[in-house]
């Protein structure tokens, strides 16, 4: 007791010392954490949050070119958008585009990922060829496809060789959106496939071997082993692909200008046209806020669906 | 502003650099301390790009060309310099329409350099092969659009060529405005403030329905955008092309669309029973209020616009009509000479149309918006959209866009 009580003194005196060194270590760790996080947080604020805040704020004003001044209009820009046929057409086109392009790109990317992870001759070469278009910037691949889609271009020459009459592609209301989906998928499929290949390669080979020994078919092994185990990369691909497809701009700007008859007027292009061609930055900013909101809702639903099925 | 030492100023426009080379060279030799560099920006993006850069006070822009209908919006946006000091000199130097088009809110914001008119070019080889007589070059005997359609069809079939008629820019508002006006539809903009859209009236519907049918019936070609209609006509694929004086130089040997066929000129058509209307007006020049070399910029604009000799230099390569009256008086006979046999009657056509049938594009602060909506509507109609429904849609879009400016 006494010794322990004797020891208490130094222990008591030591303890604060230990506490001090612990707090200073914790503080040092905190400082390090803050230092490491700071660049990302600062960039997040500068390039994401401030512009978003600016869009939100600016969307509540109206600039009159005739009067030369800006005035507060509250939610009027939103009211104008919600009563505009052009805006609803653009929302409809964007949703239709998303409903087609996302499942299409992901299904093809997944099928190719499964195919190219099989041990077969030349799969590395084929894989590289599929990934290659990713290297072409969006505007460049758009221009290449613009040439392919010309009335006298490669696509019609190819169809001609098969005895199919020439198609109008980007100048037809019925084919323009699909033409853009095809050109985007040319690069997109290879890109998303890379993430899925990485996921499939992480699936332990023993599981497949064991299932094979038990007589499971390749199809059954895919659904029972591969698919559940790549859910995480698949979820990432689904969300990231959805967001990137909501922000498609270059092919519309270069090839169709939103036409013919508004059939490719995706929201991102409509925002650009409202801001810089129709000169209405305020309403365009309100539209940006709506686009962000739609994207957030859809991504939230995707996360929820993926979580509940886990 | 080191105006005493050597300065370099920029000129921004949409034409190829060769168009401005003669005026730049002549100006530089008179002003050895000033060097002019030309920046070309694609026409489709020009107005929006310039507005954006000028609003951001981009000092790399000194002198800029402005499409005349855009003067109002550029001035209202505060991106042009007040050039009212030249107003007195300008009243005598230019025709009235070319003088007035540069005013917005009682101030003069630019000086005119080029104006234009519409010319109907025809393929003499194809007419001869089809056994169809040439159209008259008498400025008072213009074809009606109805006659043009019949003739175009006869020549197309008789000579076995691809098309009967095309505009230089088939899918643009600037081309069809004269048709709509001739059908009684006006320019598409009304009201004192120029902010009321009127593009779904009977005249517009009549003109656009007639125009759409040309494409539907295969008399006018779709999808020549990739090669350019000038080259298309110059290679002998169409009986007619409606273009401007600039194409005269284009089709001549060494021009940008050097013609492999024999061609002639005729006055621009109109609808039977309607008024004749030909487009007019082209580009004015102004300078950036944020320019660091304002004196040099002003000197260059004075030379290219008010100085008859300098103004003439601007049309040496591109055969377009100089705005300066003294330069134009020299230009009309010159361009006819330049065109040789092809140009028989050209000087009379240019003079007559400029004096009698010129229809200015609407003056409105909303011209950039108006053009964006209308170009897309005309493009859709050319590609098969129902004209009446599409004009109705354009009307709604315009009401929305023009309201946004108020």
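Nothing in this text is a laboratory measurement; each read-out follows from the coordinates by a stated rule. Note that the structure is predicted; figures quoted are calculated from it, not measured. We place every Cβ from the backbone using ideal geometry, glycine too, and count neighbours over all the protein chains shown.
With a simple spin-label model that places each label point 7 Å from the Cα along the Cα-to-Cβ direction, the separation between residue A:211 and residue B:396 comes to 5.2 nm.
The orientation-averaged projected area of the convex hull spanned by the Cα atoms of segment B:75-232 comes to 12.5 nm². By DSSP, the beta bridges lying fully in the protein assembly as shown are antiparallel in about 60 percent of cases. Across peptide A:256-264, the mean count of Cβ atoms from other chains lying within 10 Å of each residue's own Cβ comes to 5. In terms of other Cβ atoms within 10 Å, B:243, A:217 run from fewest to most in the order A:217, B:243. Helical runs assigned H by DSSP (4 residues or longer) give the protein assembly as shown a calculated mean residue ellipticity at 222 nm of -17000 deg cm²/dmol, each run adding -39500 (n - 2.57) before division by the residue total.
As a length-normalised measure over Cα pairs under 8 Å and 6 or more apart, the relative contact order of chain B settles at 27 percent.
The calculated pair-distance distribution of segment B:270-406 uses every alpha carbon pair, bins of 10 angstrom beginning at 0, and gives 10, 24, 29, 25, 12, 0 percent.
Using the Cα atoms of segment B:247-318 to build a convex hull, what is its mean projected area in square nanometres?
Details: hull surface 33.5 nm².
The orientation-averaged projected area of the Cα hull of segment B:247-318 comes to 8.4 nm².
Spin-label model, residue B:55/residue B:260: points 7 Å from Cα along the beta carbon direction are separated by 4.7 nm. Compactness check for segment B:105-182: Cα Rg over 2.2 N^0.38 Å is 1.46. Looking at chain A as a GNM with Cα springs under 10 Å, which of A:290, A:108, A:164 has the largest mean-square fluctuation? Answer for the Gaussian network model of chain A: A:164. Working value for segment A:127-235: equivalent-ellipsoid semi-axes of 39, 17, 12 Å, each the square root of 5 times a Cα gyration tensor eigenvalue, largest first. Distance from the Cα centroid of segment A:40-88 to that of segment B:337-389 is 36 Å (rounded to whole angstrom). With N as its number of residues, chain B has a Cα radius of gyration that, divided by 2.2 N^0.38 Å, comes to 0.98.
Across segment B:144-212, how large is the tail of the calculated P(r) beyond 19 Å, expressed as a percent of all Cα pairs?
The proportion of pairs with Cα distances above 19 Å equals 43 percent.
Among A:121, B:293, A:208, the ranking by other beta carbons within 10 Å of each residue's beta carbon, starting with the fewest, stands as A:121, A:208, B:293. Contact order, relative form, for segment A:78-308: 28 percent (alpha carbon pairs under 8 Å, 6 or more residues apart, mean separation divided by residue count). Scoring B:363-373, B:205-215, B:17-27 by mean Cβ neighbours within 10 Å over their residues and listing the highest first yields B:363-373, B:205-215, B:17-27. Here the translational diffusion coefficient of segment A:170-292 follows from Stokes-Einstein with Rh set to the Kirkwood radius across Cα pairs; for 4 °C and 1.567 mPa s it amounts to 74 µm²/s. In segment B:42-97, one over the average inverse separation of all distinct C-alpha pairs is 12.7 Å, which is the Kirkwood hydrodynamic radius. Here segment B:1-119 has an Rg and Dmax of 15.0, 46 Å, counting Cα atoms alone.
The relative contact order of segment B:257-406 comes to 23 percent, based on Cα pairs under 8 Å that sit 6 or more residues apart. For the protein assembly as shown, what ratio Rg/Rh do Cα atoms give with a Kirkwood hydrodynamic radius? Using Cα coordinates only, the ratio equals 1.09. Ranked for footprinting exposure by Cβ neighbours inside 10 Å, fewest first, B:60, B:238 give B:60, B:238. Both numbers refer to the Cα atoms of segment A:95-175; Rg and Dmax are 16.0, 44 Å. Evaluated at q = 0.15, 0.18 Å⁻¹, a Debye calculation over the C-alpha positions of segment B:304-379 (equal weights, vacuum) places log10 I(q)/I(0) at -0.70, -0.85. Remark: mean inter-chain Cβ contacts per residue of B:70-79 equal 1, using a 10 Å Cβ-Cβ cutoff to other protein chain atoms.
Using only the Cα atoms, what convex hull volume per residue in Å³ does segment A:10-153 have?
Hull volume normalised by residue count: 341 Å³.
Over all alpha-carbon pairs in segment A:78-308, figure out the percentage whose distance exceeds 31 Å. For segment A:78-308, the fraction of Cα-Cα distances above 31 Å is 34 percent.
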